[in-house]
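Before any comments, here is the structure.
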Amino acid sequence: MRNAFISGVGGHVPPRVVTNDDLVADYGVETSDEWIQKRTGIQSRRFAEAGVGNADLALPAAQKAIAQAGIKAADLDMIVYATLSPDHCFPGSGVLLAEKLGLCEGAGASFTPAMDIRNQCSGFVYGLGTASSMVKSGACEHVLVVGSEVHSAALDLSGRGRTVSSLFGDGAGAAVVSATDEDRGIQYWKCGADGRYAHVLAQKIWDISKRPFIPQDGDGNGIVAPEMMFANMDGRTVFRHAVERMCFAVISACTASGITGDDVDLYLFHQANMRINQYVAKQLGVPEHKLIHNIDRYGNTTAATIPLLMAEAVETGRLKPGMTVACVAFGSGFTWGSALVRW
Ligand SMILES: CC(C)(COP(=O)(O)OP(=O)(O)OC[C@H]1O[C@@H](n2cnc3c(N)ncnc32)[C@H](O)[C@@H]1OP(=O)(O)O)[C@@H](O)C(=O)NCCC(=O)NCCS
């Protein structure tokens, strides 16, 4: 039977470490290390320098994943690129990455198709599911799934925006999903969405129903008010739904696959808030030794959290062939998703 397995993973974070104290001292955010750590578990995050775009950050992660898969970039049949902070409104960052990977020039140009997924924190799980289906159907041999975010450019670092700006950081992760006849790989995936809560966590920037879509001054310059320019969030509603949806997504994945939580060797939870993950782990009875985190060091890197966890877990030997891995994510939309992977 044709299966889809993860043949390579890679992660990349920008070098600049921004601690909670740095947010106060260097950026003037009205917060404190104590407030952020107590409510979120975040100690620091990474911020990319000005001039670094989303696909720039994704490139080293993608290259590592491709090398670990033992293939060349030109062997990819598709790029699925998950982000909520794309380089531009359009075209998507997937085509920018394809160009950076050298897929669009020279005798061996493959002109690999690239598509962006706009599903925020669950974007990588949506991408993994899409890649798995493309490979299992026989349409593709190798699909690169990317989760990459440059949040630092779009954070409201004033007192008004501190609830959101203290949570997010920059980073990128990637995985190659490849075909195999072995009994391993992505055994199950399922995603969900509830658009009734679309306004609860959103960065609107413009309203396409308005004429013009961004208000203009007399000289034709666009004017974007801060409440439109930056993300807005009702944190408590997000928290409550995240716990419920993530628990349900893990239970559904196990039930549908005929296993119990005890059969899972490693849980890769989306890293939005350490407290959310502690609640979910407690509800599911997941012991601490089956969890790994990076929120303490990277903050919430949205689409990049799970591939970054994967890359680190492989590198440190926590994730080994034969292990059963449960991935689960929840985010703006609301959207969510889970996947069970036999590594
Ligand atoms: C964001 C979150 C940490 C806020 O915690 P909370 O206990 O709900 O806090 P509230 O938003 O009710 O704010 C409580 C107070 O802290 C203040 N506050 C908010 N952010 C702050 C910060 N970074 N530093 C200091 N004070 C802050 C608020 O202004 C408010 O002050 P007030 O009582 O004087 O009005 C929490 O709701 C959360 O983690 N939600 C989930 C968010 C998430 O995961 N988002 C990503 C989803 S993928």
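A few comments on the model shown:
- Cβ crowding within 10 Å, taken as a proxy for footprinting-reagent exposure, orders Trp343, Trp336, Trp189 from fewest neighbours to most as Trp343, Trp189, Trp336.
- Taking label points 7 Å from Cα along the Cα-to-Cβ direction, Phe90 and Ala202 give a separation of 2.0 nm.
- Nearest-20 debye value, segment 70-122 charge dipole, Cβ charges on Lys, Arg, Asp, Glu: 100 debye
- Förster radius 45 Å - calculated FRET efficiency between Phe213 and Glu105 (Cβ-Cβ, nearest 0.05): 0.85
- Centre separation in Å (Cα based) which lies between segment 270-291 and segment 204-255: 25 Å
- The loop-placed trypsin sites (Lys or Arg not before Pro) in segment 113-182, going by DSSP, that have at most 16 neighbouring Cβ atoms within 10 Å of their Cβ come out as Arg118.
- Toward the positive end of the charge dipole of the chain, with +1 on the Cβ of Lys and Arg and -1 on the Cβ of Asp and Glu, the farthest Cα among Ile306, Val52, Gly185 is that of Gly185.
- Which of Phe90, Ile251, Ile223, positive extreme of dipole for the chain (C-beta unit charges): Ile251
- Fluctuation leader among Pro15, Pro307, Pro215 - the chain, Gaussian network, Cα springs under 10 angstrom: Pro215
- Count, lysine Cα pairs under 20 Å in the chain, 8 or more residues apart or across chains: 8
- Rounded to the nearest 20 debye, the dipole magnitude of segment 3-182 is 280 debye, with +1 charges on Lys and Arg beta carbons, -1 on Asp and Glu beta carbons, and the Cα centre as origin.
- Value of relative contact order over the chain, rounded to a whole percent, pairs C-alpha under 8 Å and six or more apart: 26 percent
- Mean-square fluctuations from a GNM of the chain, with a 10 angstrom spring cutoff on Cα atoms, peak among Asp56, Asp217, Asp87 at Asp217.
- In the elastic network of the chain, a GNM with C-alpha springs shorter than 10 Å, the most mobile of Gly192, Gly41, Gly235 is Gly235.
- Size of charge dipole - the chain - debye, nearest 20, with Cβ of Lys, Arg +1 and Asp, Glu -1, no other charges: 800 debye
- Sorting 5-14, 247-256, 19-28 by average packing, meaning the other beta carbons within 10 Å per residue, from highest down gives 5-14, 247-256, 19-28.
- Placing unit charges on the Cβ atoms of the charged side chains and taking the dipole of the chain about its Cα centre, the candidate lying farthest along the positive direction among Asn273, Ala242, Gly129 is Ala242.
- Taking amide hydrogens as placed 1.01 Å from N in the peptide plane, the amide H of Ala82 sits under 5 Å from those of Ile117, Val146, Gly147, Ser148, each at least 5 positions away in sequence or on another chain.
- Sparse-neighbourhood loop sites, GluC sites (Glu not before Pro) in segment 70-160 - DSSP loop, at most 14 other Cβ within 10 angstrom: Glu105
- Of the DSSP H helices in the chain, those that are both long (alpha-carbon extent of 24 Å or more along the helix axis) and hydrophobic (Kyte-Doolittle mean at least 0.5) are 235-257.
- Ordering Phe124, Phe269 from the fewest to the most neighbouring beta carbons within 10 Å gives Phe269, Phe124.
Any read-out appearing in this document is the output of simple, stated calculations on the displayed coordinates, not a laboratory observation. Only a predicted model underlies this, so the values are computations on that prediction, with no experimental measurement involved. No Cβ is skipped: glycine too gets one built from the backbone with ideal geometry, and neighbour counts run over all protein chains shown.
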